[in-house]
Amino acid sequence: MNPIIMAVLLIAGWGIFAYSAWRRWNLMMVGAAENRADQPGVRLAKTLKYAFAQVRMPRYPAAGIAHLMIFFGFLVLLLRSLILWGRGFYEPFEFWVFGTDNALGQAYSFLKDIFALIVICGSLVFIYYRTVRKLERMTLSTEGLIIILIIFVMMVADIFYDGALIAQHGEVSFVGYEPAGSVAAMMVQGLPDGALTVVKHAGFWIHAALVLIFLNLLPYSKHFHVITAIPNVYTQSLKPAGCIPNLEDIDGKLEREETLGIKRIDQFSWKSILDFYTCTECGRCSEQCPANTTGKKLSPKHFTLDLRDFLYKHDKELVAAKAKTNTEEDAGTEGEAPEYHKDLVEGVIDPEVLWACTTCRACETECPVFISYVDKIVDMRRYLVQERAEFPDELQMAFRGLESTGNPFSFPADDRAKWAEGLDIKTMAEHPEAEVLFWVGCSPSFDERAKKITQATAKLMQKAGVDFAILGTEEQCTGDAARRAGNEYLFQMFAQANVEVLNGYGVDKKLIVTVCPHCYNTLQHEYPDFGGHYRVVHHTPFLAELIRQGKLKPTKPINERIAWHDSCYLGRYNEVYEAPRELLRSIPGLTLVEPTQTRDRGLCCGAGGAQMFKEEEEGDQRVSILRTEQILETNPDMICSACPFCMRMLTDGLAEKDREEMPQLDIAEILWESVSPEDAEVTES
Ligand code: SF4
Ligand code: SF4
């Protein structure tokens with residue numbers, strides 16, 4: 001076409017892009033080190049599933065399918081751009097196997113045309129969402145619209161370039177392997193040759209130049225995810241979903257006077273910065289976030305965008321400061337910290353945003369590009385709690401209780417096993433050979449209502465002949481709430497003490513059963529970092545298995561509509577969805593109903609992340625009330641859950657809705673009623 005113009009375009013386009021990419025790379029390297037290169041096989045499999053097959057995208061069907069259309073279209077059309085750049089130097093250029101005179105070339109030509117049409121349709125869907133329907137969850141910026149229009153025009157230009165080319169070569173008819181091009185040829189065939197040349201050149205140069213303009217807009221727009229999404233999915237955390245990253249060596253850090261938690265933007269890891277780059281601003285996270293949907297200040301999307309904007313605003317200073325610390329010993333700054341190193345909680349992220357999070361993981365489960373939230377929010381809470389001693393007043397009581405009595409409610413530690421009086425249950429000290437350790441937890445040990453769940457579970461285990469024991473007064477809080485509230489010091493204290501007791505009884509060779517999903521999650525996923533490697537099971541799958549084995553037989557019909565509520569720490573954290581449903585369906589007469597938001601989209605009860613021990617942040621509504629309303633919409637006779645925290649929150653929700661008469665039972669209590677009608681006493685909360 002014109003080798004000089006093409007050479008200038010390519011050198012300028014790729015040169016400017018290389019500069020932008022280099023800037024972004026340097027900025028990413030400002031972040032703290034983190035190893036995300038382990039287990040390449042697992043990472044590759046996840047990348048194929050989530051980045052290439054994009055299995056999360058269709059959770060929002062229309063936008064998801066439109067995105068898939070554009071993504072696959074782009075993969076196929078990448079080759080086309082290379083061919084067109086080649087034709088800029090030599091007009092008949094083809095990659096040797098892709099000429100339309102052979103079957104492979106014709107197959108590619110067909111695919112290329114089909115995908116160009118698919119990309120046009122996908123772009124139209126997004127143009128519709130941005131201009132007509134205006135989806136609230138998406139960022140409706142002009143930049144986003146411009147990029148979609150560029151994609152649209154690129155495709156149309158390419159098709160008309162082909163059309164003019166075909167029309168100039170003689171008689172025009174519909175050609176199967178060039179469906180879009182031959183139809184475009186029919187549209188332009190009446191034009192004089194000179195006009196066809198103009199259409200051909202315009203189509204060619206518009207496409208070739210727009211590809212390069214598009215490439216250069218990427219690093220400065222939300223469409224940067226076109227480049228970063230695949231690496232971001234590849235470098236996702238491979239730790240269990242419920243595991244908060246360990247704040248390594250807390251005592252050593254204190255001795256070295258390092259910051260505990262995250263105070264400055266450059267204390268996030270490079271992977272967190274890659275997260276910030278990758279946000280597509282689709283807003284799926286915020287739409288599912290219970291804090292956001294109930295009007296709190298927290299919107300996960302904006303949490304990411306605020307940090308990203310701050311990072312971009314100070315990119316040059318941050319890169320320069322990093323270069324200085326790499327060459328000079330002293331990383332510290334004398335006097336007042338410069339703006340780019342300022343405390344993020346002073347003007348970038350409002351502490352209220354951090355305290356509103358229930359750690360439910362609805363955002364993380366929804367995000368198509370695997371951006372994490374709970375780890376970042378907990379890390380920032382760690383800074384607030386451990387460095388600034390700034391946290392909601394009510395948490396002080398929980399921390400004090402934990403320190404003095406080993407439970408956040410400040411009940412006397414000696415009363416921990418009182419729930420078991422009269423039930424003939426041995427402690428590990430009395431029966432160290434027990435096959436199962438029943439880890440009770442704080443709420444189920446002390447709270448009058450939750451104790452009934454504990455007792456029902458213990459009686460079911462006795463009825464099934466399970467050889468179990470409890471720790472009694474040797475048990476202490478797992479530290480779940482302390483950790484999620486940012487008090488890592490307290491959490492590590494409990495983790496170390498509990499692991500010592502558990503390992504002392506050889507529990508690593510036994511099975512641990514819990515009634516609390518939070519205890520289950522912490523013991524299973526977070527204690528390994530402290531030398532505690534256990535097999536842990538929540539009572540729901542454990543009881544379901546006892547039914548399967550015929551050791552428990554639910555016989556008494558329960559002719560009720562029972563609404564099931566998924567706990568976040570059981571469901572989204574540990575993917576226990578089937579066991580409770582299987583258990584409930586095994587009870588004769590029972591009709592299982594579910595709220596519209598259920599399973600991995602189940603709405604949080606509002607208790608997680610230490611919310612149970614503090615007042616909710618200001619908003620339009622309490623999370624527990626919204627969840628209660630959703631459950632009541634199913635018109636149930638009874639509500640069932642499998643988490644003492646959820647039960648507490650739903651009890652509050654029922655009280656607020658003046659529906660205290662609605663029975664609410666734990667799954668173990670319902671099973672006990674059906675298994676042992678002679679002993680059961682329906683407990684209403
Ligand atoms: S973990 Fe839950 S509450 Fe926290 S930001 Fe994500 S969706 Fe919102
Ligand atoms: S964090 Fe993920 S879900 Fe949320 S807006 Fe960004 S890409 Fe979308």
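What the table shows:
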quantity	calculated
When the convex hull of its Cα atoms is projected in every direction, mean area for region 3-234 (nm²)	15.4
Mean shadow area of region 221-319 over all directions, Cα convex hull, nm²	8.3
Dipole in debye (nearest 20) - region 463-548, about Cα centre, beta carbon charges: Lys, Arg +1; Asp, Glu -1	320
Mean accessible surface per residue for the chain, computed with a 1.4 Å probe while every protein chain stays in place, in Å²	41
Region 3-234, relative contact order [Cα under 8 Å, separation at least 6], %	24
Residues of type aspartates and glutamates that residue 463 reaches as a straight line, Cα spacing below 12 Å, ignoring anything fewer than 8 places off in the same chain	679
Unit charges on C-beta of K, R, D, E only; dipole of the chain, Debye	2100
The chain - mean residue ellipticity at 222 nm from DSSP helices (-39,500 (n - 2.57) per run, n ≥ 4, rounded to 500)	-16000 deg cm²/dmol
Cysteines in the chain lacking a second Cys C-beta under 4.7 Å	121, 243, 279, 282, 289, 357, 367, 442, 477, 640
Cα centroid separation - region 107-147 against region 36-78, whole Å	17
Whole-percent carbon and sulfur share, accessible surface of region 3-234, 1.4 Å	74
Nearest-20 debye value, region 3-234 charge dipole, Cβ charges on Lys, Arg, Asp, Glu	1200
Out-of-range pairs (alpha-carbon distance over 24 Å; input 426/510; 459/556; 134/271)	134/271
Restricting region 380-448 to trypsin sites (Lys or Arg not before Pro) in coil, as DSSP defines it, with at most 13 other Cβ within 10 Å	388
Per-selection Rg to Rh, region 400-470 - Cα, Kirkwood hydrodynamic radius	0.99
Quotient of Cα Rg and 2.2 N^0.38 Å for the chain, N being how many residues it contains	1.14
Principal semi-axes in Å for region 552-640 [√(5λ), Cα gyration tensor, largest first]	27, 15, 11
For residue 472, net neighbour charge (Lys/Arg +1, Asp/Glu -1) across residues whose Cβ lies under 14 Å away	-4
Around residue 26: net Lys/Arg minus Asp/Glu count, Cβ-Cβ under 9 Å	+2
Listed residues 344, 354, 286: farthest to the positive end of the dipole of region 250-386 (Cβ charges)	286
Furthest towards positive pole of dipole, 37, 6, 655, structure part the chain, Cβ charges	6
Within straight-line cross-link reach of residue 322, aspartates and glutamates at Cα separation under 20 Å, skipping those fewer than 8 residues along the same chain	34, 257, 258, 266, 275, 309, 330, 334, 336, 339, 343
Ratio of the Cα radius of gyration of region 60-103 to 2.2 N^0.38 Å, where N counts its residues	1.58
Whole-Å semi-axes of the ellipsoid equivalent to region 250-386 (Cα gyration tensor, √5λ, descending)	28, 17, 13
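The values are calculated or read from the model by the stated rules, or taken from the named source; none is laboratory data. Quick caveat: nothing in here was measured; it's all calculated off a predicted structure. Here Cβ is always computed from backbone atoms with ideal geometry, including for glycine, and neighbour counts include all displayed protein chains. Just the protein is used for accessible areas: all its heavy atoms, side chains included, with ligands, DNA and RNA removed. Shrake-Rupley method; radii C 1.70, N 1.55, O 1.52, S 1.80 Å.
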